[in-house]
Amino acid sequence: MADASFEQLTSARLILRRFRASDLDSFVTYRADPTVARYQSWENFTAEDGRRFIDEMAALHPDMPGQWFQIAIELKGTGKMIGDCALHTLADSRSEAEIGFTLAPAFEGRGYATEATACLLDYVFGALGKRRAVALTDARNVRSIAVLERLGFVRDPAQREPVEFKGEECREYLYVMERNQWRTNP
C-alpha cells in the first residue's frame, strides 16, 4: 500500500527525503559522471533528464507495487544532497522490496551508503512491514558488495546467467535479507 505520507527518514548524519527542485544541479552532476553511471541503467544524464526524474518522483510514493521510488540522501546540517537510494516494491510479491543506492564520488568511503541503506532498511522492515529485501549488483561493483555484506545481506549462491549490460557481458549477484535477520547482525 503506497505510503502517501512519506516525507523523510533520519539517521545520525543523514536525512533521506523526497527530491526537491533544488536538488537538480547536485543530482545531475553525479548522475552524469561516467564512473557513477558504470553500474547503473542510465548514461549521459542531462539536466532535462534530471528535471523529468524529479517531476516523476513528486507524483509517486514509496511502496507502490511495481514502481521504483528514489529518495534523496542529504547531509544533516549542511542540506547538501550527496546521493540517492531506491525502493521498489515487487508487483508480484508485495511482501518483498528491492533496494539500491548511489552516492556522489566525493562522498564515497565515509560510511554514508551504509548508513543510508540501514535507514532505508529500518523503514522497509518497520513501517512498510516487508518480510524480505533484495538487491542486485554487478559482480565487479566491489563497493556495493561491501555495503550489502556489511549490513548483513547474504549472496544467493545460485549462479545467475551472464547478462549483457552496456555492451559488456557481466555477472550479477543477488543479495537477500529476511526481516528476522535485520538488526540481529552487528
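The table below lists the values:
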| item | result |
| --- | --- |
| Unique residue being at pLDDT 95 or above and among the hydroxyl-bearing types (Ser, Thr, Tyr) when the list is THR117, THR102, THR89 | THR117 |
| Selected residue [crowded, with 20+ Cβ neighbours inside 10 Å, of a type outside the set (S, T, N, Q), within 15 Å of the chain's Cα centre (by Cα) and within 28 Å of MET57 (Cα to Cα)] from LEU136, LEU120 | LEU120 |
| Residues being surrounded by 15 or more Cβ atoms within 10 Å (Cβ to Cβ) and within 24 Å of ASP23 (Cβ to Cβ) - total across the range 91-110 | 10 |
| Given (1) part of a loop (DSSP other than H, G, I, E, B); (2) touching a residue at least 24 places away in the same chain (Cβ under 8 Å); (3) closer than 16 Å to ILE71 by Cα; (4) not aromatic (Phe, Trp, Tyr), index of the condition SER5 fails | (2) |
| Residue that is surrounded by the most Cβ atoms within 10 Å (Cβ to Cβ) [pool: residues in the range 14-58 that are of a type in the set (A, V, I, L, M) and in contact (Cβ under 8 Å) with a residue 60 or more places away in the chain] | LEU16 |
| Hits in the range 63-94 - residues which are within 21 Å of ALA12 (Cα to Cα) and within 13 Å of the chain's Cα centre (by Cα) | GLN70, ILE71, ALA72, ILE73, ILE82, GLY83, ASP84, CYS85, ALA86, LEU87 |
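The values are calculated or read from the model by the stated rules, or taken from the named source; none is laboratory data. This is a predicted model, so every value here is computed, not measured. Methodologically, a virtual Cβ is constructed for each residue, glycine included, from the backbone with ideal geometry; neighbour enumeration extends over all protein chains shown.
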